[in-house]
Amino acid sequence: MDYSSYPRHDVLCIDMRSFYASVECTRRGLDPTTALLAVVGDPNRSGSIVLAASPALKKKHGISNVSRFFELPNDPDIVIAQAHMGDYLEVSVEITKMMMSYVPPEAIHVYSVDELWVTIDGLEKLYGSPSDIARMIQDNIRDQFGIECVIGIGDNKFLAKVVMDIHAKKAADGIAECRYEDVQKLLWPTPIEDIWGIGSRMMRNLNRLGIVRLGQLAEYPLKYMKKHYGIIGEQLHWHAWGVDLSPVLGDFTKSEQKGYGHGVTLLRDYTGEELPTVILDLCEEACRRARRDKQAGRTVHLSVSYSSEGGGGFSRSMSMDLPTNITMDMYHLCMRLFRTFYDGESKIRRTSVTLTNLDEDIATQLTLFDDRPKKKDVGIVMDEIRDKYGSTAILRASSFTDAGITPERSKKIGGHFA
């Protein structure tokens with residue numbers, strides 16, 4: 001592979017080790033590297049998920065981030081911490097702000113609450129080599145936040161991310177570097193399921209072609225990868241050679257909005273008579289976001305999952321002639337879908353609604369049979385009250401029934417207590 005025509009940058013991929021657990025350890029004055037601490041979504045529920053475990057807890061008891069609260073061993077040294085998502089987001093924002101003391105905002109791409117890319121092109125004269133800069137960032141994050149991090153260094157985002165996942169997490173100093181010329185040595189022996197961007201389904205597809213390691217993927221003819229998997233197959237081929245042309249500088253906070261949706265996994269089984277209350281609460285949230293962005297949609301999607309062992313459920317959509325962001329318009333379409341496709345008996349454990357096929361909400365469409373301006377005005381006034389006094393300052397009466405979900409959801413971020 002001739003890499004001379006491909007861009008070379010100095011990109012760092014930074015991952016905070018056991019981020020949630022480290023934040024909780026720091027709050028308690030514990031050493032994140034030695035403390036046995038588990039972050040649990042809701043300690044009052046035995047089936048609640050362990051969102052994070054400290055490195056020492058993982059090593060001693062084999063606890064993972066998919067374990068359940070009741071699976072934790074009876075060890076008196078284990079500290080149970082309830083998740084505080086607001087605190088984690090605050091620390092994440094502060095770490096990002098710290099990065100801005102080294103590089104401009106357009107050189108920072110936040111990937112998740114505990115992971116980000118930083119492009120450090122041109123910083124050698126100020127701070128030294130990319131490895132020196134990585135160590136400096138590690139030290140500063142540790143000193144300011146008490147959190148350990150691992151860092152991958154590469155010519156592009158893909159290389160920085162993959163070498164971080166595969167090698168930096170195992171390195172004594174938590175730093176690993178992979179340039180184009182290192183791909184065959186450092187990455188090709190890696191099983192494809194360990195490569196970022198290759199999920200279990202794609203792994204099975206590639207295994208059927210006799211591809212089990214990244215090197216085999218790189219040597220598989222490109223024309224056949226394109227034939228089998230189209231543009232995804234082409235991207236996998238170039239990634240296997242370490243080539244990634246995604247931008248390393250820009251405004252990574254902007255994205256095109258495809259739809260406005262909300263979903264919820266219910267804390268208990270709901271009956272068909274109770275679910276309309278949940279659907280109304282979800283439609284209210286979706287339409288509120290659409291009104292905020294001055295968008296309206298023509299297509300409504302409803303998804304319902306049953307709680308039976310065999311699973312089941314349905315996912316259907318329906319479109320209307322005029323775009324809308326009025327809560328009751330969306331709700332009535334969702335209910336038409338629900339009444340049409342619900343089997344009438346099954347208990348329900350998850351549901352979601354989405355408003356898509358978007359258009360700008362430039363003007364209110366008038367009809368002879370519907371007072372749309374008044375309905376929109378009601379929604380706007382409710383939005384203004386919530387913006388000023390909080391998301392639960394004004395709610396529909398149904399939200400306060402046993403089936404309502406908004407009061408409880410308002411206490412959470414990302415499904416966990418703030």
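The values are calculated or read from the model by the stated rules, or taken from the named source; none is laboratory data. Here the structure is a predicted model, which is why all the values come from computation and not from measurement. Note: ideal-geometry Cβ built from the backbone for every residue, glycine included; neighbour counts use all protein chains shown. When the accessible area is computed, the model is the full protein with side chains, heavy atoms only, and any ligands, DNA or RNA have been set aside. Shrake-Rupley method; radii C 1.70, N 1.55, O 1.52, S 1.80 Å.
Please compute the per residue accessible area over the chain with all protein chains in place, 1.4 Å probe, rounded to a whole number of Å². Spell out each step's value before the answer.
Numbers: 21450 Å² over 418 residues.
I get 51 Å² per residue for the chain.
For the range 227-272, which trypsin sites (Lys or Arg not before Pro) pass both filters: DSSP loop (anything but H, G, I, E, B) and at most 16 other C-beta atoms within 10 Å?
Working: sites: 227, 254, 258, 268; in loops: 254, 258.
Within the range 227-272, the qualifying trypsin sites (Lys or Arg not before Pro) (loop, at most 16 other Cβ atoms within 10 Å) are 254, 258.
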Please list 3J(HN,Hα) in residue order for the range 10-26, calculated via the Karplus relation 6.51 cos²θ - 1.76 cosθ + 1.60 where θ = phi - 60°; whole Hz, with x for glycine and proline.
10, 10, 9, 10, 10, 10, 7, 6, 6, 4, 4, 5, 5, 4, 5, 5, 4
With a 1.4 Å probe and all protein chains kept in place, how do 317, 307 rank by accessible area, largest first?
317, 307
Sequence-distant or interchain residues sharing an amide H contact under 5 Å with residue 177, placed H: which?
153
Cα-based reach from residue 125 at 16 Å (exclusive), listing aspartates and glutamates while leaving out same-chain residues under 8 positions away
10
Kindly report, to the nearest 10 Å², the accessible surface of residue 328 as traced by a 1.4 Å probe over protein heavy atoms only.
60
Run the numbers on the range 1-131 and let me know its relative contact order in percent, using alpha-carbon pairs under 8 Å that are six or more apart.
27
If we count GluC sites (Glu not before Pro) as exposed when they sit in a DSSP loop and have at most 10 other beta carbons within 10 Å, what is the longest stretch of the chain that avoids them all?
1-255
Solvent exposure, largest accessible area first (probe 1.4 Å, DNA, RNA and ligands not counted), of 31, 114
31, 114
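Rounded to the nearest 500, what is the 222 nm mean residue ellipticity of the chain from helices alone, with -39500 (n - 2.57) per DSSP H run of 4+ residues and division by all residues? If you can, show how the numbers build up before the last one.
Values: 14 runs with 151 residues, N = 418.
Using -39500 (n - 2.57) per qualifying helix, the result is -11000 deg cm²/dmol.
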Quick one: among 191, 130, 221, which has the greatest mean-square fluctuation in a GNM of the chain with alpha-carbon springs under 10 angstrom?
221
Phi-based couplings in Hz for the range 317-326 (Karplus 6.51, -1.76, 1.60; Gly and Pro marked x)
9, 8, 10, 10, 6, 10, x, 8, 9, 8
Please give the length that would be gained between residue 345 and residue 89 if that part of the chain were fully extended, namely 0.36 nm times their separation in residues minus their C-alpha to C-alpha distance (nm, one decimal).
88.1 nm
With +1 on each Lys and Arg Cβ and -1 on each Asp and Glu Cβ, and nothing else charged, work out how big the dipole of the chain is about its Cα centre, in Debye to the nearest 20.
880
Could you calculate the FRET efficiency of residue 74 with residue 34 from 1/(1 + (r/R0)^6), where r is the beta carbon distance between them and R0 is 30 Å, rounded to 0.05?
0.90
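Out of the total accessible area of the range 6-87 (probe 1.4 Å, heavy atoms of protein only), what percent is carbon and sulfur? It would help to have the intermediate numbers written out before the result.
Details: 1880 of 3770 Å².
Carbon-and-sulfur percentage of accessible area, whole number: 50.
Give the ranking of 223, 125, 347, 185 by solvent-accessible surface, highest area first, calculated with a 1.4 Å probe. All intermediate terms of the calculation are to be shown ahead of the outcome.
On the way: 223 140, 125 205, 347 95, 185 165 Å².
Per-residue accessible area, sorted high to low, gives 125, 185, 223, 347.
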Between residue 51 and residues 5 or more places away or on another chain, the pairs with built amide H atoms under 5 Å apart involve 39, 40, 41
Ignoring ligands and nucleic acids, residue 163 exposes an accessible area, probe 1.4 Å, in Å² to the nearest 10, of 0
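Could you give the length gained on full extension between residue 196 and residue 387, defined as 0.36 nm per residue of separation minus the Cα-Cα distance, in nm?
Working: separation 191, 0.36 × 191 = 68.76 nm, distance 3.87 nm.
Separation in residues times 0.36 nm, less the Cα-Cα distance, equals 64.9 nm.
Please report the relative contact order for the chain, taking Cα pairs under 8 Å with a sequence separation of at least 6, and give it as a percent rounded to a whole number. Don't skip to the answer; put the middle values down first.
Working: 706 pairs, mean separation 59.9, N = 418.
Worked out over the chain, it gives 14 percent.
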For the range 109-121, 3J(HN,Hα) per residue [Karplus equation, 6.51 cos²θ - 1.76 cosθ + 1.60, θ = phi - 60°, Hz, x = Gly/Pro]
10, 6, 8, 7, 5, 10, 8, 7, 9, 9, 8, 10, 3
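Under the definition of Cα pairs under 8 Å and six or more residues apart, what whole-number percent is the relative contact order of the range 257-359?
Values: 205 pairs, mean separation 48.8, N = 103.
Once normalised by length, the contact order is 47 percent.
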Residues with amide H under 5 Å of residue 313's amide H, sequence separation 5 or more or different chain, H placed in the peptide plane at 1.01 Å from N; which?
306
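So, with a 1.4 angstrom probe, what is the percent of accessible area on the range 223-370 that is carbon and sulfur? Walk me through the numbers on the way to the answer.
Values: 4100 of 8150 Å².
Reported share for carbon and sulfur atoms: 50 percent.
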Can you pull the one-decimal nm distance between simple spin-label points at residue 44 and residue 209, each 7 Å off the Cα toward Cβ?
5.1
